[in-house]
Amino acid sequence: MDVLLDNLSLFREGFYGTVKLTVVSALVAIVVGVVIAGCRVSPVLPLRIFGTAWVTLLRNTPLTLLFLVAFFIVPKVLYPDLDSFVLAVAACGFYTSAFVAEAVRSGINTVPLGQAEAARAIGLTFAQSMRLVVLPQATRNVVPPLSSIFIALTKNTAIAGAFDNTDLFNVSKTLSNDGYDIVMIFIWITLAYLIITYAINGLFRVLEHRLEVAR
Amino acid sequence: MTEVSVTKDAKPAADDLVVLKGVNKHFGALHVLQDIDLTIARGEVVVVIGPSGSGKSTLCRTINRLETIDSGAISIDGKPLPQEGKELAKLRADVGMVFQSFNLFAHKTVLENVMLGQVKVRRTAKAEAEEKARGLLDRVGVGSQADKYPAQLSGGQQQRVAIARALAMGPKVMLFDEPTSALDPEMINEVLEVMQQLARDGMTMVVVTHEMGFARSAANRVVFMADGRIVEEAVPDQFFSNPRSDRAKDFLSKILKH
């Protein structure tokens, strides 16, 4: 109990850091993931190749390696002055976007082909038919896998803690260096992660329920 | 199989709305469309019939490029079909299409189905689009169902909504890809009546169907396809009473002897 009470503000800071990194990365992952999924089913070949390359590259690279690239190569080669939070969001967000893209694509595949054909037949462009007809019907099937992906993302953000970001994992490192009992630290840190992952769980359950009613 | 030379009405070229020239298409090893030449004049109702797998649905779908072709040329109202993109979308808006499986947008109400294209493609104001949509739904006899979702309607009602959705774009030509093949027998007539009315109103129509009654009564011309070729073209009376090719005789004897 001492660990928590003595360092309440540090815990709060770490908790806030993990939540912030998770939420911002998730938003990046959703936007990029949907665009990449659109690329993968696009009638334009170069876009399909780009989408496939994006997914293959990011999904099959260990996240730690992506962090190494983001923190040591990107600042050297491209942008020297980026904030560590931005780099962490880029690594987590792009990595997760590959998984989101595949979940969205599997959702798109559950919408009968005739829906897209009918949309194109009345003169909607590809982007319009995706946005107005296919994606709204795909959403229902994308929600369950997305919740797993975002829970995984929450836990993945711990890697950012090892790269000097203030988050829960970072706090646990600091506290164990301060000499607190490692078991107690981990119990509290685990509880904090559970709060976030359970919140995601609940949020998606509500979302799933909403979408079921809407039809 | 005997090939019969195809006679065509000599119509002035200016009145040709849909022109297919030397169209070929393969599905893998299957040569599904073989050197198709077909011209459809403005206001003409052309019914395409033939055995399953003869390529008639594929032919219908190539006209608005839902199926790409390997060689040949297709033009609509004098303009060749463009590549996939904004231009093609613009052209498709002028070509109404009715599918065998209706394909109404499942997440939108009947009214929204008929309004979507007007609002998003034609940029019509919502109020105006709704008025037109309600008018069209009344015309096809499903005005009272406007606020329901497609799944709540019978097949015949859904197909009539699909016709209204296509008409809402003010198309130059309507393509019907087996519009009654997925319907229960008692619902076929309500759809055919709507189509017959359209034909009387002077709409240019390409209809792929197995409804010989419709072909007889509404068509200006019957196109008979078999094995990816147009085997015979004739006015309905001539085709049904005196088909020239053996393939057509064989086909008609199989379907009319019941």
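Could you please give the count of residues in region A:58-71 that are touching a residue at least 40 places away in the same chain (Cβ under 8 Å) and loosely packed, with under 15 Cβ neighbours inside 10 Å?
2
So residue B:148 clears everything in (1) in contact (Cβ under 8 Å) with a residue 60 or more places away in the chain; (2) away from chain A (no Cβ under 12 Å); (3) in a loop (DSSP other than H, G, I, E, B) except one condition, right? Which one?
Condition not satisfied by residue B:148: (1).
Residue A:8 is checked against (1) in contact (Cβ under 8 Å) with a residue 12 or more places away in the chain; (2) over 30 Å from residue B:65 (Cα atoms) and fails just one. What number does that condition carry?
Condition not satisfied by residue A:8: (1).
I'm checking my understanding of the structure. Among residues of region B:161-190 that are crowded, with 18+ Cβ neighbours inside 10 Å and part of a loop (DSSP other than H, G, I, E, B), which one is nearest to the other protein chains (Cβ to nearest Cβ)?
The extreme case among them is B:169.
For region B:209-238, which positions are under 18 Å from residue B:55 (Cβ atoms) and of a type in the set (Phe, Trp, Tyr)?
Listed by number, the list holds a single entry, B:224.
Specify which of the listed residues (A:30, A:36, A:49) is β-branched (Val, Ile, Thr), free of Cβ contacts under 8 Å to residues at least 40 places away in the same chain and closer than 30 Å to residue A:126 by Cβ.
Every option except A:49 fails the conditions.
Checking the structure you have, find out if any residue of region A:90-107 is within 14 Å of chain B (Cβ to nearest Cβ) and in contact with a strand residue (DSSP E or B) (Cβ under 6 Å, 6 or more places away or on another chain).
Within region A:90-107, not a single residue is within 14 Å of chain B (Cβ to nearest Cβ) and in contact with a strand residue (DSSP E or B) (Cβ under 6 Å, 6 or more places away or on another chain).
Got at least one residue in region A:52-75 being over 15 Å from the mean Cα position of the chain (by Cα) and closer than 18 Å to residue A:23 by Cα?
No.
For the list (1) farther than 20 Å from residue A:43 by Cβ; (2) without any contact (Cβ under 8 Å) to a residue 24 or more places away in the chain; (3) touching a strand residue (DSSP E or B) at 6+ places or on another chain (Cβ under 8 Å), I need the number of the one condition that residue B:124 fails.
(3)
Per-residue answers, yes or no, for (1) within 12 Å of chain B (Cβ to nearest Cβ); (2) of a type in the set (Phe, Trp, Tyr):
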| site | (1), (2) |
| --- | --- |
| A:120 | yes, no |
| A:152 | no, no |
| A:180 | no, yes |
| A:206 | no, no |
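So, residue B:245, is that one of a type in the set (Ser, Thr, Tyr), farther than 23 Å from residue B:183 by Cα and surrounded by fewer than 21 Cβ atoms within 10 Å (Cβ to Cβ) or not?
yes
With respect to residue A:187, is the statement that it is surrounded by fewer than 17 Cβ atoms within 10 Å (Cβ to Cβ) and farther than 26 Å from residue A:62 by Cβ true?
Against the criterion (surrounded by fewer than 17 Cβ atoms within 10 Å (Cβ to Cβ) and farther than 26 Å from residue A:62 by Cβ), residue A:187 qualifies.
Working only within region A:97-145, note down all residues that are outside any helix (DSSP H, G or I) and surrounded by fewer than 22 Cβ atoms within 10 Å (Cβ to Cβ).
Matches in region A:97-145: A:111, A:112, A:125.
Quick grid of which residues meet (1) acidic (Asp, Glu); (2) closer than 24 Å to residue B:76 by Cα; (3) within 16 Å of the chain's Cα centre (by Cα):
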| position | (1), (2), (3) |
| --- | --- |
| B:149 | no, no, no |
| B:179 | no, yes, yes |
| B:184 | yes, no, no |
| B:204 | no, yes, yes |
| B:212 | no, no, yes |
| B:238 | no, no, no |
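Which one is nearest to the other protein chains (Cβ to nearest Cβ), of the residues in region B:79-103 that are in contact (Cβ under 8 Å) with a residue 40 or more places away in the chain and in a loop (DSSP other than H, G, I, E, B)?
The residue in question is B:103.
From the set of residues in region B:118-134 that are part of a loop (DSSP other than H, G, I, E, B) and of a type outside the set (Gly, Ala, Ser), which is farthest from residue A:128 (Cα to Cα)?
Taking the candidates together, the pick is B:124.
Restricting attention to region A:79-108, which residues are out of contact with any helix residue (DSSP H, G or I) (no Cβ under 6 Å at 6 or more places or on another chain) and among the polar types (S, T, N, Q)?
Result: A:84, A:106.
Coordinate-derived values only; no laboratory data. Source: prediction; values computed, not measured. Don't worry about glycine lacking a Cβ; one is built from the backbone with ideal geometry, like all the others, and counts go over all protein chains shown.
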